[in-house]
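Down below is the structure, laid out as structure tokens.
We did not get these values from a lab; they are worked out from the coordinates using the rules stated. All values derive from a computational prediction rather than experimental measurement. Backbone-built Cβ (ideal geometry, glycine too); neighbour counts: all protein chains shown.
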Amino acid sequence: MPADHPPYVIDQMISAKSIAARIESLAREIGTEFAGTDKLVVVGLLRGSFVFIADLVRELDLPVEVDFLEASSYGDGMDSSREVRILKDLRGQIEGRDVLVVEDIVDTGHTLAHVTKFLVSRNPARLRTIALLDKPARREVDFKADWIGFEIPDEFVVGYGIDYGQRNRNLPYIGKVRFTQ
Ligand SMILES: O=P(O)(O)OC[C@H]1O[C@H](OP(=O)(O)OP(=O)(O)O)[C@H](O)[C@@H]1O
Ligand SMILES: Nc1nc2[nH]cnc2c(=O)[nH]1
């Protein structure tokens, strides 16, 4: 059941067209990094990355496997609990494999810092991270993704997989939440 929220509107921040263009360019860079590998596992962090990973893997001209991990720290609100929990583990093994972790947004950094540590302990051959959005002004732990789609200011954003109270994940663009009362 969605939580109760004060009334708000969503102002578009990044269009679907800009996202698609940026993903094309990121996919080229990732293709160069992983050229020649036949053991790449692309790991999407549920739930927020499900749209991004779907578009990204379709731009990758590489043999890839896709797996998912669910980590959660925000619940239905607007602030991180800072306590990252792994709610669903990978289906496959990553020892000795190349791994690309796909995230929707880096904010405090707790989620990706925790998840990369968790995955590195399984001894992948190489682990890289990509996030569509980065809010460096909000960082609380030292974490830098290998690729970032867009750096954004400290605004609460939704759309393209990202929710507010589990809604708005289906918007094709990134928008910022503006409360009207
Ligand atoms: O850098 P951080 O401050 O840790 O924040 C980033 C994380 O917060 C959101 O996840 P959320 O816990 O809301 O789960 P969801 O992906 O299922 O929406 C988002 O999808 C990132 O995973
Ligand atoms: N929905 C949403 N979740 C987040 N988690 C971390 N930052 C954000 C954000 O701006 N919007």
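Return the only residue of Leu133, Leu127, Leu100, Leu112 being within 16 Å of the chain's Cα centre (by Cα) and away from ligand 1 (no atom under 16 Å from the Cβ). Walk me through how you get there before you give the answer.
On the way: Leu133 fails: away from ligand 1 (no atom under 16 Å from the Cβ); Leu100 fails: away from ligand 1 (no atom under 16 Å from the Cβ); Leu112 fails: away from ligand 1 (no atom under 16 Å from the Cβ).
Just a single option satisfies the conditions, and that option is Leu127.
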Considering the range 164-181, residues that are part of a strand (DSSP E or B) and of a type in the set (Lys, Arg), and then whichever is surrounded by the most Cβ atoms within 10 Å (Cβ to Cβ), we arrive at Lys176
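Restricting to the range 119-142, count the residues that are under 26 Å from Thr37 (Cα atoms), surrounded by 15 or more Cβ atoms within 10 Å (Cβ to Cβ) and among the hydrophobic types (A, V, I, L, M, F, W, C). Before you say what the answer is, go through the steps one by one.
To start, the set of residues in the range 119-142 that are under 26 Å from Thr37 (Cα atoms) comprises 119-132.
Then drop every residue that is not surrounded by 15 or more Cβ atoms within 10 Å (Cβ to Cβ), which leaves 119, 124, 127-132.
Keeping just the survivors that are among the hydrophobic types (A, V, I, L, M, F, W, C) gives 119, 127, 130-132.
Looking only at that region, the number is 5.
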Condition set away from ligand 2 (no atom under 16 Å from the Cβ) and not aromatic (Phe, Trp, Tyr), scope the range 102-118, selection surrounded by the most Cβ atoms within 10 Å (Cβ to Cβ): answer is Thr116
Leu62 meets each of (1) exposed (fewer than 15 other Cβ atoms within 10 Å of the Cβ); (2) in contact with a Ser or Thr (Cβ under 8 Å, 6 or more places away or on another chain); (3) in contact (Cβ under 8 Å) with a residue 24 or more places away in the chain with one exception, condition (1)
Here the residues within the range 130-181 that are under 22 Å from Ala16 (Cα atoms) and β-branched (Val, Ile, Thr) are Ile130, Ile148, Ile152, Val157, Val158, Ile162, Ile174, Val177
Selection from the range 41-95 of residues among the hydroxyl-bearing types (Ser, Thr, Tyr) and touching a helix residue (DSSP H, G or I) at 6+ places or on another chain (Cβ under 7 Å) yields Ser73, Ser80
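Please count how many residues of the range 148-163 are in contact (Cβ under 8 Å) with a residue 40 or more places away in the chain, surrounded by fewer than 18 Cβ atoms within 10 Å (Cβ to Cβ) and assigned to a strand (DSSP E or B).
Restricting attention to the range 148-163, the residues satisfying the condition of being in contact (Cβ under 8 Å) with a residue 40 or more places away in the chain are 148-150, 152, 155-163.
Adding the requirement that they be surrounded by fewer than 18 Cβ atoms within 10 Å (Cβ to Cβ) leaves 150, 155-156.
Still in the running and assigned to a strand (DSSP E or B): 150.
Going through the range 148-163 one residue at a time, the tally reaches 1.
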Report task. Looking only at the range 75-86, decide whether some residue is surrounded by 14 or more Cβ atoms within 10 Å (Cβ to Cβ), acidic (Asp, Glu) and closer than 28 Å to Asp38 by Cα. Result -> no
>> Just to be sure before I move on: is Asp146 touching a strand residue (DSSP E or B) at 6+ places or on another chain (Cβ under 6 Å) and either more than 11 Å from ligand 2 (Cβ to nearest atom) or more than 23 Å from Leu90 (Cα to Cα) (or both) in the structure I sent?
In response: yes
